[in-house]
Structures are given as C-alpha cells and as structure tokens.
1. Is one or more of the residues making up segment 150-160 at pLDDT 85 or above, of a type in the set (Val, Ile, Thr), in the same structural domain as VAL235 (by TED's automatic domain parsing) and closer than 22 Å to VAL223 by Cα?
2. With a cut-off of at least 1 residues that are more than 23 Å from TRP163 (Cα to Cα) and not basic (Lys, Arg), name the helices (runs of 4 or more DSSP H) lying wholly within segment 36-118.
3. Checking the structure you have, find out if any residue of segment 133-141 is in the same structural domain as LEU222 (by TED's automatic domain parsing), modelled with pLDDT of 90 or more and of a type in the set (D, E, K, R).
4. Out of ILE162, ILE126, report the one residue that is open to solvent by less than 70 Å² (accessible area, probe 1.4 Å), within 30 Å of PHE275 (Cβ to Cβ), out of contact with any Pro (no Cβ under 8 Å at 6 or more places or on another chain) and not in a loop (DSSP other than H, G, I, E, B).
5. Based on what the data block shows, is ALA146 within 17 Å of SER237 (Cβ to Cβ), touching a Leu at 6+ places or on another chain (Cβ under 9 Å) and free of Cβ contacts under 8 Å to residues at least 60 places away in the same chain?
6. Restricting to segment 241-259, count the residues that are touching a helix residue (DSSP H, G or I) at 6+ places or on another chain (Cβ under 7 Å) and open to solvent by 20 Å² or more (accessible area, probe 1.4 Å).
7. Does PRO212 fit the bill of being closer than 30 Å to TRP87 by Cα and touching a Gly at 6+ places or on another chain (Cβ under 8 Å)?
Amino acid sequence: MSSATRTLVSPATLSRPRGKAVYWSVFTAVVLLFALAFLFPVYWMVTGAMKSPDEIARTPPTLIPERWHLSGYTDAWDLMQLPEHLWNTVVQAAGAWAFQLVFCTAAAYALSKLRPAFGKVILGGILATLMVPAQALVVPKYLTVADLPFLHTSLLNDPLGIWLPAVANAFNLYLLKRFFDQLPRDVLEAAEIDGAGRLRTLWSVVLPMSRPVLGVVSIFALVAVWQDFLWPLMVFSDTDRQPISVALVQLSQNIQLTVLIAAMVIASIPMVALFLVFQRHIIAGISAGSTKG
C-alpha cells in the first residue's frame, strides 16, 4: 500500500489557476528576498568605493552615489600596493593548494584503498583534531614554525610557513577518503589485472574519476588561505611579504574609507571569479560525495 505525501497545500489547489498564481508569487518573492540579502552587501561595497569621502560618511546614507568616482579604485591600487600583496597571496595560496592536494590525496588513498595497519586508529586520530579549536593550535604551530624540529631553522617570513601547516587539513583528507571509498572496486581490480601498480592506479584511474571532489578540495584550500588573517599576521612580520588580508589592516591607518573599501572589493574579485568559473565542479563534487558508485 502506497501512502500519499502530505503537503501544506494540496495538489488539487496547486493545479487551479489561482493556486498556481499564488504559488509562483510566493516562490518569486522568496527567491528575490534571498538574492537581495546576499547581493545587497556586495552592491553596497562596490558603490561605496565610488562615493566621495563626504558622501560615504553621510547620515542617512545614499543608496546610489550622487557622482560616480573611480579614483577610489585607482588610489587603492597604487597607495596600498595591491599588486605586490595580491601576488604574495597568490604564491601562498597556490603553494598551500599544491601541497595539500598532493599529500591529502596520497594519505586519503592510502587509508581508503591500501588499508595500512592501524589505519582506523590513524584516521580516528586525524579526525580528533577537528574537535580542537583552531585558536588552541596557533601557539604550538608558531613555535614549530619558528624553530623547525630537527632542522632548527625558522620558517618565519617564508611561504613554507603557510604551506606546511596547511597540509594538515583533516576535513579535506576525510572528504577525499569518503569519495575514494565510494569508487567502484571493479574498475580498480581491472587496473590491477592489467598490471597497473598502486601508484599507476592512483594516477591513471583514481585521479581522473575524482575530478569533482578534487575541485571542491581545491576551492576549500584556496579560500582558506586567501581569507586567513591571524596566521599570516604571525608568520610575516616583513610588510613586503604580507598577503592582502593582513596588508589591508596594516595599511589602513591613514587611508580614506572609500579607498579602503575599494581595496576590499579588489581583494575579493579573485575568489568571486574562482567560484563563478568552477561552480559547476563544486556542485558536481558535492553531489558526487552523496551517491555511491
């Protein structure tokens, strides 16, 4: 016996012209409200940089600039040395992404398919680090980076101070492992029959099938480094090596508010563009992780 699904509005009511009109009106209003809630802060930031210093401080604020000034963006680009700090951020984010993708993928593949001794214990220990607040790890990480064990060298003011701690990302490792667990075993066994070793199977079979989840992990890795503030502030005391997130705060003391807002807009453009370009891969990766086979 099949049970009918109970809904707030019956299908008979929705099939009527009046029911359809009410349904689509409510649906459109909800979508517009959500779009307004997400897009209005972006609009306010972009247009705020185009206002004059007097207009941006006016109460009540103006919704549309009285005069459009692009000088805020040009001044931010020159006065706050944005090209240099953006390049520092790109280097730090790209290195952290590469290190994390290589080592997290290798570790997840080993825990999922190679099944080493005490693999479940190791995985449990890795996942236990997710229960520790990130702020509690700042001091141990800093002491480790300031005096690297065995090598007795300092990674302060060095991109390696960002790259190496980023490798220890338990969430991305677990995300990759769960995806590898769901890969069809028949395909891997066929590769073994054809004579492919473990490394060749990973490179030629597993990685091509894992593009969606690798895209998701890549986005997480890049965004985490791009928006981080506390750790780069501790690692880079040299102003010329600081990323954009730290430089915006350090250089904002004697800068006009419109110039600072313009610098924030410019700093957010790469991540917004990255999401718009790879949004299909992100959705595919999330949906791929929820299905088996």
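The values are calculated or read from the model by the stated rules, or taken from the named source; none is laboratory data. Every value quoted in this text rests on a predicted model; they were computed, and no experiment measured them. Note: ideal-geometry Cβ built from the backbone for every residue, glycine included; neighbour counts use all protein chains shown. Surface accessibility is based on the protein's heavy atoms, side chains included, excluding ligands, DNA and RNA. Shrake-Rupley method; radii C 1.70, N 1.55, O 1.52, S 1.80 Å.
1. no
2. Details: elements: 53-56, 71-79, 82-109.
Passing ranges, in order: 53-56, 71-79.
3. Yes, that holds for at least one residue.
4. None of the others qualify; the one that does is ILE126.
5. It is true that ALA146 is within 17 Å of SER237 (Cβ to Cβ), touching a Leu at 6+ places or on another chain (Cβ under 9 Å) and free of Cβ contacts under 8 Å to residues at least 60 places away in the same chain.
6. Within segment 241-259, residues that are touching a helix residue (DSSP H, G or I) at 6+ places or on another chain (Cβ under 7 Å) and open to solvent by 20 Å² or more (accessible area, probe 1.4 Å) number 8.
7. Yes: the conditions hold for PRO212.
The rows are residues; the columns are (1) open to solvent by less than 80 Å² (accessible area, probe 1.4 Å); (2) under 30 Å from ASP240 (Cα atoms); (3) touching a residue at least 40 places away in the same chain (Cβ under 8 Å).
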position: PRO41; (1), (2), (3): yes, no, no
position: ASP54; (1), (2), (3): no, no, no
position: PRO60; (1), (2), (3): no, no, no
position: LEU63; (1), (2), (3): no, no, no
position: MET80; (1), (2), (3): yes, yes, yes
position: VAL102; (1), (2), (3): no, yes, no
